[in-house]
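Q: Quick one: this structure, given as structure tokens, is what I'll be asking you about.
The values are calculated or read from the model by the stated rules, or taken from the named source; none is laboratory data. Given the structure is predicted, the values throughout are model-derived calculations rather than measurements. Neighbour counts run over all protein chains shown; Cβ positions are idealised from the backbone, glycine included.
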Amino acid sequence: MTTKHFKDQIIDLDDLDSSFPKEVIQRSGVNLNTCLHCLSCAGGCEFSNNMDFLPNQMIRMVQLGLKNKALSCSGIWFCVGCNTCSIQCPMGIDISTITDVLCQIALEKGIVVAEPHILKFHEEVLNSIKRYGRTHKLEIMFRYKLYKKDWFSDMGVGFKMLTKRKLDILPSKISEPEEIKKFFQKNRMDNYAGQ
């Protein structure tokens, strides 16, 4: 067994997957091989302090074929898809699309999710869209809080949102809910919506 260091961690070189970079490039439509590793992406990311690996480091893991390492890191789950990193990138790499693809592959492969609370929140958003055709924020937060068993940590924000009419008490529904159901079935999103 040959090992190498990557960000102070030992990597088993026998676990390398040479087809992994091609898979990510094909699924994302993004040429991640143009990354200069200049760290501009991390400088613009509001969440980089919470990540175990910075965006360019995640790209480097993919480039090297470190599939298990890339799919099990928490950084892919912290990405909110705001594209600030892509705007900062001198090569215009769509990093949020890459992290989204990594999350999809991790779910498909049954990799243990590094940030299960984040995944649960995404599932609640998808479930809301599936039920009503749009998000019902109050229900999403209620279900998420029920899952986390954390009722009071941000209750003040919730009350402010209610008083400013940013949270609807009752969900609104779209006129053609069957279209949303078709969308979920066509895109096989039931697996990601926790139902």
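Q: So which of ASP94, ASP100 ends up being modelled with pLDDT of 90 or more and closer than 30 Å to LYS166 by Cα? Working first, answer last.
A: Working: ASP94 fails: closer than 30 Å to LYS166 by Cα.
On inspection, the qualifying residue turns out to be ASP100.
Q: Go through the stretch 99-114 and count every residue that is surrounded by 18 or more Cβ atoms within 10 Å (Cβ to Cβ) and of a type in the set (Asp, Glu).
A: Final tally of qualifying residues: 0.
Q: Another one. Mind counting the residues in the stretch 113-155 that are touching a helix residue (DSSP H, G or I) at 6+ places or on another chain (Cβ under 6 Å), polar (S, T, N, Q) and touching a residue at least 40 places away in the same chain (Cβ under 8 Å)?
A: Matching residues across the stretch 113-155 total 1.
Q: Might you check whether a residue that is assigned to a loop (DSSP other than H, G, I, E, B) and under 13 Å from GLU23 (Cα atoms) occurs anywhere in the stretch 49-72?
A: Step one: of the stretch 49-72, the residues assigned to a loop (DSSP other than H, G, I, E, B) are 51-54, 65-66.
Within this subset, residues satisfying the condition of being under 13 Å from GLU23 (Cα atoms) are 65-66.
So far as the stretch 49-72 goes, yes, one or more of its residues are assigned to a loop (DSSP other than H, G, I, E, B) and under 13 Å from GLU23 (Cα atoms).
Q: Moving to a separate point now. Which numbered condition trips up ILE25, out of (1) at pLDDT below 95; (2) of a type in the set (Val, Ile, Thr); (3) more than 16 Å from the chain's Cα centre (by Cα); (4) under 29 Å from GLU123 (Cβ atoms)?
A: Going through (1) at pLDDT below 95; (2) of a type in the set (Val, Ile, Thr); (3) more than 16 Å from the chain's Cα centre (by Cα); (4) under 29 Å from GLU123 (Cβ atoms) one by one, ILE25 breaks only (1).
Q: Determine whether GLU124 is surrounded by 18 or more Cβ atoms within 10 Å (Cβ to Cβ), in contact with a Lys or Arg (Cβ under 6 Å, 6 or more places away or on another chain) and over 22 Å from ASN31 (Cα atoms). Break it down stepwise before answering.
A: Values: surrounded by 18 or more Cβ atoms within 10 Å (Cβ to Cβ): yes; in contact with a Lys or Arg (Cβ under 6 Å, 6 or more places away or on another chain): yes; over 22 Å from ASN31 (Cα atoms): yes.
Criteria met by GLU124.
Q: Just for helices (runs of 4 or more DSSP H) wholly inside the stretch 89-177: which have at least 2 residues that are under 30 Å from PRO21 (Cα atoms) and within 15 Å of the chain's Cα centre (by Cα)?
A: Correct list: 95-109, 116-132.
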